[in-house]
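Undergrad: Have a look at this one.
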Amino acid sequence: MKVIKTQVVIVGAGPVGLGMAVELDQRGVTCVLVEQSDGTIEHPRTGLVAVRTMELFRRWDIVPAVRDCGFPKDYELSMVFCTALNGLLLDREHYPSMRDAPTPSETPEKKQRCPQMWLQPIMAEKALSSQGVTPLFQHRFTHFELNAECVHVYTKNLLTQEEVVIEAAYLVACDGANSPVRQQLGIEMEGRLLSYSVNILLRIPDLVRQHAMGEAERYMFVGPQGMWGNLTVVDGKDIWRLTVLGSRDKMNLDTFDARGWVLAALGTADQPTRIPFEILSVVPWRRSEMLATKFVEGRVILAGDSAHTMSPTGGMGMNTGMQEVLDLGWKLQGVLEGWAETGLLESYGIERRPIAARNISFSTQNFQAWQDTPDPQAVCDQTEEGAKVRAKLGMRLRNATRVEWESMGLQIGHRYEDSPICVPDGTEPTPDDFKDYVGTTRPGARAPHLWLDDGRSTLDLFGAGFVLLILDENVAEAVDALVSAFAARRVPLQLVSIRQKNVQALYAYKLVLVRPDGHVGWRGNTVSNAISIVDTLRGSNVNVVTNP
């Protein structure tokens, strides 16, 4: 039996598992990455890389590769509501191409369209080129065993049938919605089924030149029965994904007419299109909102789809998992290096579970907006009544779904309310809105972005250890107290002095302590008990819950 020793074992090498490997390597933590496939992407799902994920990619130095992934930079990313591509238009929400879209003032990085078939190889190259990452592709996880000191993860080499055991301090499960790791733990999922759907992956060369709806990121199809599906751009050229919306009843693939649905999307019911197309794959899937009852169980931690599932409406599934990578990486580092208490790992679930629930709610809200199509019976009629129905439904859908595409508050406005590793200051929270973001340094919030005079973003200051921002020159005594307390607990700390007026105004306080994940841990103008602040930040006050 082959035995490999490492600090962390990651089961699952999708985007979240690969991201976990990259983040740990950046922090000097070794890991073994277990994946039962060979890493090939046959049916890409993820397409949107949200702003907060791009900010993380900025620190990993893979933004240029993601920006240059191959998606056409001049492709218009509008949303179109219609009866079919060669049918009748209901309405159109214009959005510019990636080239023409400005970077929002709230962030140094705008979102990016990068399909999984390109994103995953970019992340895999970054992870597998790292010295601290040992990949085990085509190795199937079978089970794990726990003791007080470590976890043993048992895998089978699918090529040789050899059993390979990994001994590690911690196991991170990034193994998807049906997570075998979560199932062995006995952690339940709470939530509900929303519907069943079928994805049809298509090759349609030069499609945008063969219909009248113009370029768009997504075409949403409405018929007499309401919205029945959507066609989403994948590579900006030839590859498309048609999603046929079902109900809560399972769809029978034996009777599912994939070609018929494609014809309905491309043409009209009474005049089928002659646009040539190739069906590459047909994949049924379950749309659900599910949340694990807990994210941490001793030495085993859930991340990504193993901890939650949500409707893809809004593109937050993978992006929620990447936020978990950002939250978990520094906490594993702290515990493994000995400067943090084990309670710091327990705080991962306390902080991230409410955010996952928030993102699930957002995603379901978006899906329900799709279904809000009252009285659609005449939508395809080329009559005066049909035109009125189309105008009414088009405006209704456009207004109801706008927050799905304009969600800055969701992407960077999440905050860790009541976190046991943030020091509250008694101030009122800023509005929690999916659409609009309000920058704040209130403990638990993402430290806001502003451009510094030297060309860097304030976000570029954060990532390695804790950062104490010194925004006033008359705080030497408080700074000395904090430096001494961090040194006494061996917690890494960097001091950064900023005298830039707009930063001082937005950050509001003379001293702001930012955690390695870029969220504010404490702020103040004076320090009364520095060691208490440090102990809170490193997890000393977190109750560790273990099963008997």
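Undergrad: Rounded to a whole number, what % of the accessible area of the chain do carbon and sulfur atoms account for, probe 1.4 Å?
TA: Details: 10580 of 22310 Å².
Carbon-and-sulfur percentage of accessible area, whole number: 47.
Undergrad: Can you return the aspartates and glutamates within cross-link range of Lys73? Criterion is Cα-Cα under 12 Å, with same-chain partners fewer than 8 residues away left out.
TA: Those aspartates and glutamates meeting the cut-off are Asp100, Asp235.
Undergrad: Relative to the Cα centre, what is the charge dipole magnitude of the chain, using +1 at the beta carbon of each Lys and Arg, -1 at the beta carbon of each Asp and Glu, and rounding to the nearest 20 debye?
TA: On the way: 55 positive and 66 negative charges, 53 e Å.
About 260 debye.
Undergrad: So what's the gap between the Cα centers of the stretch 311-339 and the stretch 389-405, to the nearest angstrom?
TA: What the calculation gives is 34 Å, centre to centre.
Undergrad: With only Lys, Arg, Asp and Glu charged, each at its Cβ (+1 for the first two, -1 for the last two), find how big the charge dipole of the stretch 367-418 is about the Cα centre; round to the nearest 20 debye. Please list the in-between numbers first.
TA: Working: 7 positive and 9 negative charges, 36 e Å.
Dipole magnitude for the stretch 367-418 comes out near 180 debye.
Undergrad: Quick one: ranking Asp372, Asp254 by accessible area, 1.4 Å probe, largest first, what do you get?
TA: On the way: Asp372 55, Asp254 145 Å².
Listed by decreasing accessible area, they come as Asp254, Asp372.
Undergrad: Which listed residue (Met322, Gly394, Ile350) has the Cα farthest towards the positive end of the charge dipole for the stretch 312-444, taking +1 on Lys and Arg C-beta and -1 on Asp and Glu C-beta about the Cα centre?
TA: It is Gly394, whose Cα lies furthest towards the positive end.
Undergrad: Starting from the Cα of Lys388, draw a straight line to each of the lysines and keep only those under 16 Å, dropping any in the same chain fewer than 8 residues away.
TA: By straight Cα distance, Lys388 reaches no lysines at all.
Undergrad: Against the 2.2 N^0.38 Å scaling, with N counting residues, where does the stretch 475-548 land? I'd like the Cα-based Rg ratio to two decimal places. Kindly include the intermediate steps, with their values, before the conclusion.
TA: Numbers: Rg = 14.2 Å, N = 74, 2.2 N^0.38 = 11.3 Å.
Expressed relative to 2.2 N^0.38 Å, the Cα Rg reads 1.26.
Undergrad: Using the beta-carbon distance between Glu428 and Arg203 and R0 = 41 Å, what value does 1/(1 + (r/R0)^6) give for FRET efficiency, to the nearest 0.05? Provide the component values of the computation, followed by the final result.
TA: Values: r = 53 Å, r/R0 = 1.30.
That pair, Glu428 with Arg203, gives E of 0.15.
Undergrad: Also, quick follow-up: Between Asn399 and Arg499, with labels modelled 7 Å along Cα→Cβ, what's the label distance in nm to one decimal, could you check?
TA: Once both label points are built, they end up 5.3 nm from each other.
Undergrad: Right, something else. Would you be so kind as to identify which of Ser407, Pro15, Val491 lies farthest towards the positive end of the dipole of the chain, taking Lys and Arg as +1 and Asp and Glu as -1 on Cβ and the Cα centre as origin?
TA: Working it through, the farthest residue towards the positive pole turns out to be Ser407.
Undergrad: Taking a threshold of 27 Å on the Cα-Cα distance, which of the pairs Lys250/Lys294; Lys126/Lys156; Lys237/Lys435; Lys250/Lys435 fall above it?
TA: On the way: Lys250/Lys294 29 Å; Lys126/Lys156 25 Å; Lys237/Lys435 30 Å; Lys250/Lys435 34 Å.
The answer is Lys250/Lys294; Lys237/Lys435; Lys250/Lys435.
Undergrad: Which aspartates and glutamates, on any chain, are close to Lys392 with Cα under 19 Å apart, when same-chain ones fewer than 8 places away are left out?
TA: Asp91, Glu93, Asp372, Asp375, Asp381, Glu384
Undergrad: With N residues in the stretch 134-265, what two-decimal value do you get for its Cα radius of gyration over 2.2 N^0.38 Å? Working shown, then result.
TA: Values: Rg = 21.8 Å, N = 132, 2.2 N^0.38 = 14.1 Å.
In units of the globular-protein estimate, the stretch 134-265 measures up at 1.55.
Undergrad: Can I ask one more? Using Cα-Cα distances under 8 Å and only pairs 6 or more residues apart, what relative contact order does the stretch 303-410 have, in percent? Write down the numbers at each step before the final one.
TA: Details: 86 pairs, mean separation 28.6, N = 108.
Dividing the mean separation by the residue count of the stretch 303-410 yields 26 percent.
Undergrad: Which percent of Cα pairs goes in each bin when the distances of the chain are cut into 20 angstrom slices starting at zero?
TA: Here the calculated profile for the chain is 21, 51, 25, 3.
Undergrad: So, one more: Towards the positive end of the charge dipole of the stretch 112-215, with charges on Cβ (+1 Lys, Arg; -1 Asp, Glu), say which of Leu201, Ile166, Leu136 has the farthest Cα.
TA: Farthest along the dipole direction, towards plus: Leu201.
Undergrad: Something else: In Å², and per residue, what accessible area does the stretch 264-377 have when probed at 1.4 Å with the other protein chains present?
TA: With all protein chains present, the stretch 264-377 gives 32 Å² per residue.
Undergrad: OK, next. Please give the length that would be gained between Glu190 and Ser281 if that part of the chain were fully extended, namely 0.36 nm times their separation in residues minus their C-alpha to C-alpha distance (nm, one decimal). Please list the in-between numbers first.
TA: On the way: separation 91, 0.36 × 91 = 32.76 nm, distance 3.08 nm.
Using 0.36 nm per residue and subtracting the Cα-Cα distance, I get 29.7 nm.
Undergrad: Pick out, in residue order, every one of the trypsin sites (Lys or Arg not before Pro) in the stretch 253-359 that is DSSP loop and has at most 11 other C-beta atoms within 10 Å; say none if there are none. If you can, show how the numbers build up before the last one.
TA: Values: sites: Arg259, Arg274, Arg286, Arg287, Lys294, Arg299, Lys331, Arg352, Arg358; in loops: Arg274, Lys294, Arg299.
The qualifying sites are Arg274.
Undergrad: Using the Cα atoms of the stretch 221-341, I'd like the radius of gyration and the largest Cα-Cα distance, Dmax, both in angstrom.
TA: 20.7, 70
Undergrad: Looking at the chain, identify the longest residue range that excludes and avoids all GluC sites (Glu not before Pro) in DSSP loops having at most 13 other Cβ atoms within 10 Å.
TA: Values: sites that count: Glu42, Glu149, Glu162, Glu188, Glu473.
No qualifying site falls inside 189-472, the longest such stretch.
The values are calculated or read from the model by the stated rules, or taken from the named source; none is laboratory data. Just so it is clear, the model here is predicted, and its values are computed rather than measured. As a convention, Cβ positions derive from the backbone with ideal geometry for all residues, glycine included, and neighbour counts pool all protein chains shown. Remember, those area values only see protein heavy atoms, side chains included, never the ligands or the DNA or RNA. Shrake-Rupley method; radii C 1.70, N 1.55, O 1.52, S 1.80 Å.
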